[in-house]
Amino acid sequence: MFSDDFALEGEPEREFHPGIAGRMAHKTVASGALIRDPDGRILFVVPNYKPYLDLPGGIVETGEPPSLGCRREVREEVGLDLPIHRLLVVDWTPGRGPWSDQVQFVFDGGVIPAGTPLRPQDDELTGVRWEYLESADVRPSLRRRLELAMRAVETGATLHAEFGHLLSGA
């Protein structure tokens with residue numbers, strides 16, 4: 001997809017001071033899709049490795065663009081091959097427990113018809129749930145991020161946040 005762009009960039013840059021790149025901070029990148037039903041409920045996954053609901057999505061692989069990582073993760077986690085629409089929120093979250101700090105992208109996964117068949121991934125999920133945000137059992141930071149994502153859907157703006165707190169946008 002980006003091969004022409006790589007060719008235009010020329011030869012990869014060489015380190016003037018060997019080892020400096022390896023000492024730089026590396027953040028985890030995650031992408032999730034805000035998928036809604038016609039009643040305004042949000043599709044959540046029920047992970048078997050953490051105690052709260054989450055969005056369909058996950059960690060973006062090395063060399064993978066966030067939008068394609070989101071589409072891949074949604075397909076793998078719930079069996080939906082959806083077009084991933086515009087970016088709604090970019091949010092930074094601090095590292096906590098076993099998780100490193102992350103840059104999290106929330107993309108618009110659109111509205112899908114009620115009763116659309118879903119196939120939760122057996123090795124990571126115990127199921128899926130359609131919930132209104134107000135009643136969903138999610139971490140406070142995800143609730144804030146999703147409130148911003150819903151605002152972004154309504155306003156057409158892309159919002160910038162840190163730990164779910166709005167920094168810039170509409």
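The values are calculated or read from the model by the stated rules, or taken from the named source; none is laboratory data. Small disclaimer: the values here were computed from a predicted structure and weren't measured. Here the Cβ positions follow ideal geometry from the backbone for every residue, glycine too, while neighbour counts run over all protein chains shown. These area figures cover heavy atoms from the full protein model, side chains too; ligands, DNA and RNA do not enter into them. Shrake-Rupley method; radii C 1.70, N 1.55, O 1.52, S 1.80 Å.
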(message) Restricting to region 97-113, name every residue that is open to solvent by 40 Å² or more (accessible area, probe 1.4 Å), touching a strand residue (DSSP E or B) at 6+ places or on another chain (Cβ under 8 Å) and small (Gly, Ala, Ser).
(response) SER100
(request) Considering only residues that are of a type outside the set (A, V, I, L, M, F, W, C) and part of a strand (DSSP E or B), look in region 16-47 and name the one that is farthest from TYR132 (Cα to Cα). (result) THR28
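Given the options GLU154, GLU131, name the one that is farther than 19 Å from SER31 by Cβ and open to solvent by less than 60 Å² (accessible area, probe 1.4 Å).
Matching residue, one of GLU154, GLU131: GLU131.
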(request) For SER168, indicate whether it is among the polar types (S, T, N, Q) and either under 15 Å from the mean Cα position of the chain (by Cα) or open to solvent by less than 40 Å² (accessible area, probe 1.4 Å) (or both). (result) no
(request) Give just the number: which of (1) in contact with an Asp or Glu (Cβ under 6 Å, 6 or more places away or on another chain); (2) surrounded by 14 or more Cβ atoms within 10 Å (Cβ to Cβ) does PRO94 not satisfy? (result) (2)
(request) Please state which of the following conditions GLY22 fails to meet, knowing it meets all the rest: (1) open to solvent by 50 Å² or more (accessible area, probe 1.4 Å); (2) touching a helix residue (DSSP H, G or I) at 6+ places or on another chain (Cβ under 6 Å); (3) not basic (Lys, Arg). (result) (2)
(request) Could you pull out the residue among ARG129, ARG151, ARG144 that is of a type outside the set (A, V, I, L, M), without any contact (Cβ under 8 Å) to a residue 24 or more places away in the chain, outside any loop (DSSP other than H, G, I, E, B) and touching a Phe, Trp or Tyr at 6+ places or on another chain (Cβ under 9 Å)? (result) ARG144
(message) Conditions first: (1) loosely packed, with under 13 Cβ neighbours inside 10 Å; (2) at negative phi; (3) modelled with pLDDT under 95. ILE84 passes all but one, so which condition is the exception?
(response) (1)
(request) Could you look through region 25-72, keep only residues that are among the hydroxyl-bearing types (Ser, Thr, Tyr) and open to solvent by 70 Å² or more (accessible area, probe 1.4 Å), and pick out the one that is farthest from PHE107 (Cα to Cα)? (result) TYR49
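In region 48-102, which residue that is in a loop (DSSP other than H, G, I, E, B) and in contact with a Cys (Cβ under 9 Å, 6 or more places away or on another chain) is nearest to SER31 (Cα to Cα)?
Among those residues, the one meeting the criterion is VAL60.
Name the residue, out of ASP108, ASP122, that is of a type in the set (Asp, Glu), within 22 Å of GLU77 (Cβ to Cβ) and part of a loop (DSSP other than H, G, I, E, B).
ASP122
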